[in-house]
1. Hey, among the residues in segment 75-111 that are over 18 Å from residue 160 (Cα atoms) and among the polar types (S, T, N, Q), which one's surrounded by the fewest Cβ atoms within 10 Å (Cβ to Cβ)?
2. If you take the residues in segment 170-204 that are part of a loop (DSSP other than H, G, I, E, B), among the hydrophobic types (A, V, I, L, M, F, W, C) and modelled with pLDDT of 95 or more, which one is farthest from the chain's Cα centre (by Cα)?
3. Would you check if residue 223 is over 30 Å from residue 94 (Cβ atoms) and modelled with pLDDT of 95 or more?
4. Among the candidates 47, 59, 110, single out the residue that is of a type in the set (S, T, N, Q) and at pLDDT below 95.
5. Show me the strands (runs of 3 or more DSSP E) found entirely inside segment 1-108 where at least 2 residues are of a type in the set (A, V, I, L, M).
6. Cβ-Cβ distance below 8 Å, separation of 6 or more or different chains: which pairs start in segment 79-101 with a residue that is within 18 Å of residue 118 (Cα to Cα) and end on one that is β-branched (Val, Ile, Thr) and assigned to a loop (DSSP other than H, G, I, E, B)?
7. Please work out if residue 44 is over 19 Å from the mean Cα position of the chain (by Cα), farther than 25 Å from residue 128 by Cα and in contact (Cβ under 8 Å) with a residue 60 or more places away in the chain.
8. Of everything in segment 211-237, what is buried (at least 21 other Cβ atoms within 10 Å of the Cβ), not hydroxyl-bearing (Ser, Thr, Tyr) and not in a helix (DSSP H, G or I)? Give them in sequence order.
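The values are calculated or read from the model by the stated rules, or taken from the named source; none is laboratory data. All of these numbers come straight from a predicted model, not from anything done at the bench. Virtual Cβ from ideal backbone geometry, glycine too; neighbours counted across all protein chains shown.
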Amino acid sequence: MIDSHQHFWQYCPEDYDWIDDSMAVIRRDFGPDDLAAVAGEVGVTGSVAVQARQSVAESQWLLDLAGQNSFIQGVVGWVPLAESNVAEHLDQFAQNPVFKGVRHVVQGESDPGFLARDNFNAGIEAVTSHDLVYDVLIKAPQLEASIAFVDQHPNQRFVLDHIAKPVVAGAPPSPWREQIAELGQRENVSCKFSGVVTEVPGEAWSPDLIEPYWDVVLNAFGADRLMFGSDWPVCLVRTSYLRWLHVVSLFASKLSTDEQARVMGGTATQVYRLEGSS
């Protein structure tokens, strides 16, 4: 099993001001040893470490951690995609075979036209030319713009993080359902089933609440383009690593053996090219 989405950090309030009082449980350091203590014990054999700060230093730090911990099979870092020197940074990081992709925190951008900016899209073209993944971190209202954005880059491998963060309360809302189905028609887009429970208002949630959202993304992307991610340690605000893994495994158990293997590791391995790197 591969965890397609997890984070590490050395906590300080200045760098992680998004961790508010409601998330106080994660106001501490989280490193590879902490992850191994929970993920390794339940049969997860590797992970993709994803940036949590928008800095080049963050990318290098994650690569350094990966160099010391074979459990980290891939890194999705950050580079200044909208800057003219983006290719220089990509040239540097792409020399390390563990560097698999790039992410920008688009969900935090106030400009509704951010994804259409020429300089940002030039940065994505540089990502494509380096044969790296781009992780799409958005909220549900940004889905429409994201579809148009993806259509500008048909040769780019995209991964949608956290099912686009719909508010998870009751039945899956429209237009999120329809826009996920539309995005799923793009064969170059995969999706992480991660970061779902933290979008539930309040603290109480159940598998019955979550499963209809699973059904939507499974129907849209299929097992071949759907992957398990923990979003650890952020998930600890609402659930334990073990409980989230159990819930996703429960949903996947209704699939064929091959499809289960895809969701729980095969899709991430293929999309991020975690095997056969050199």
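1. Per the stated criteria, the residue is 110.
2. 171
3. So residue 223 fails the test.
4. Going through 47, 59, 110 in turn, the sole match is 110.
5. Numbers: elements: 2-6, 46-50, 72-77, 99-104.
Of the strands (runs of 3 or more DSSP E) lying wholly inside segment 1-108, those with at least 2 residues that are of a type in the set (A, V, I, L, M) span 46-50, 72-77.
6. 86/79
7. Details: over 19 Å from the mean Cα position of the chain (by Cα): no; farther than 25 Å from residue 128 by Cα: yes; in contact (Cβ under 8 Å) with a residue 60 or more places away in the chain: yes.
So residue 44 does not fit the description; no.
8. 226, 227, 228, 229, 231, 232, 233
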